[in-house]
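Colleague: The structure is given below, and queries will be raised subsequently.
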Amino acid sequence: MNPIIRNILAVIAGWVGGSAINMALVQIGHAMFPINGVELTDMEALAEVMPTLDFKYFVFPFLAHALGTLSGATIAGSITTGPRMKFALGIGILFLLGGIIVNYMLPGPTWFAVMDILIAYIPMAWLGGKIAIDLSSPK
């Protein structure tokens, strides 16, 4: 396969795969810890209630962001023909931008925003890059 096409597919697969993991974990979190009286599709209502929620409501969103980034970075790093770590970190940057936007649209507690931005994206993408490198190295 043409290396350019393979690299484009690596980014798309990493983004889609990581997003699927992210959304699955968010849905599991909402099923386990429903927010009573709030429609999850109503962004204004969610933005209003977010600062008042307990810690337990932020466990699954953090896991979704971290594990979605980790899996997306691992996928992209495993598929690419280019430098695996750079592609993994590129996925981390894409997810970081999304995380910044979500933290702006749905402002939660400051501790969550800081932890989410500092831990869930670039460190997880780096770890995903390391996993991709280990998976691709001959044994």
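Colleague: What is the distance, in nm, between label points placed 7 Å from the Cα along the Cα-to-Cβ direction at ASP134 and at PHE62?
Modeller: Those two pseudo-labels are separated by 2.3 nm.
Colleague: Also: Could you give the length gained on full extension between LEU40 and ILE100, defined as 0.36 nm per residue of separation minus the Cα-Cα distance, in nm?
Modeller: 19.7 nm
Colleague: Could you work out how far helix 110-119 tilts from the main Cα principal axis of the chain, as a 0 to 90 degree angle to the nearest 10?
Modeller: 10 degrees
Colleague: Considering the Cα positions of segment 3-133, please state its Rg to one decimal place and its Dmax as a whole number of Å.
Modeller: Gyration radius and largest Cα-Cα distance of segment 3-133: 15.4, 50 Å.
Colleague: A further question on this structure: Over the chain, with a Gaussian network built from C-alpha contacts below 10 Å, which listed residue (LEU97, LEU53, LEU63) shows the highest mean-square fluctuation?
Modeller: The residue that fluctuates most here is LEU53.
Colleague: Based solely on its DSSP helices, what 222 nm [θ] is calculated for the chain when runs of n ≥ 4 H residues each add -39,500 (n - 2.57) and the sum is averaged over all residues, nearest 500 deg cm²/dmol?
Modeller: -26500 deg cm²/dmol
Colleague: Compute the acute angle (0 to 90°) between the alpha-carbon long axis of helix 122-136 and the principal axis of greatest extent of the alpha-carbon atoms of the chain; round to the nearest 10°.
Modeller: 30 degrees
Colleague: Right, another one. Sort THR110, THR74 so the one with the fewest other Cβ atoms within 10 Å of its own Cβ comes first.
Modeller: THR110, THR74
Colleague: Of the candidates TYR121, TYR57, TYR104, which one comes out as most mobile in a Gaussian network treatment of the chain with C-alpha springs shorter than 10 Å?
Modeller: The residue that fluctuates most here is TYR104.
Colleague: Taking the Cβ of each residue in ASP54, ASP116, ASP134 as the centre, tally the other Cβ atoms inside 10 Å and list the residues starting with the fewest.
Modeller: Ascending Cβ contact count within 10 Å gives the list ASP54, ASP134, ASP116.
Colleague: Taking only Cα atoms, what is the 0 to 90° angle, nearest 10, from helix 84-105's long axis to the longest principal axis of the chain?
Modeller: 20 degrees
Read-outs throughout are calculated quantities, based only on the coordinates presented, and are distinct from any laboratory measurement. Values in this document were obtained by computation on a predicted structure and should not be read as measured data. Because the Cβ atoms are built from the backbone with ideal geometry, glycine has one as well, and the counts that use them run over all protein chains shown.
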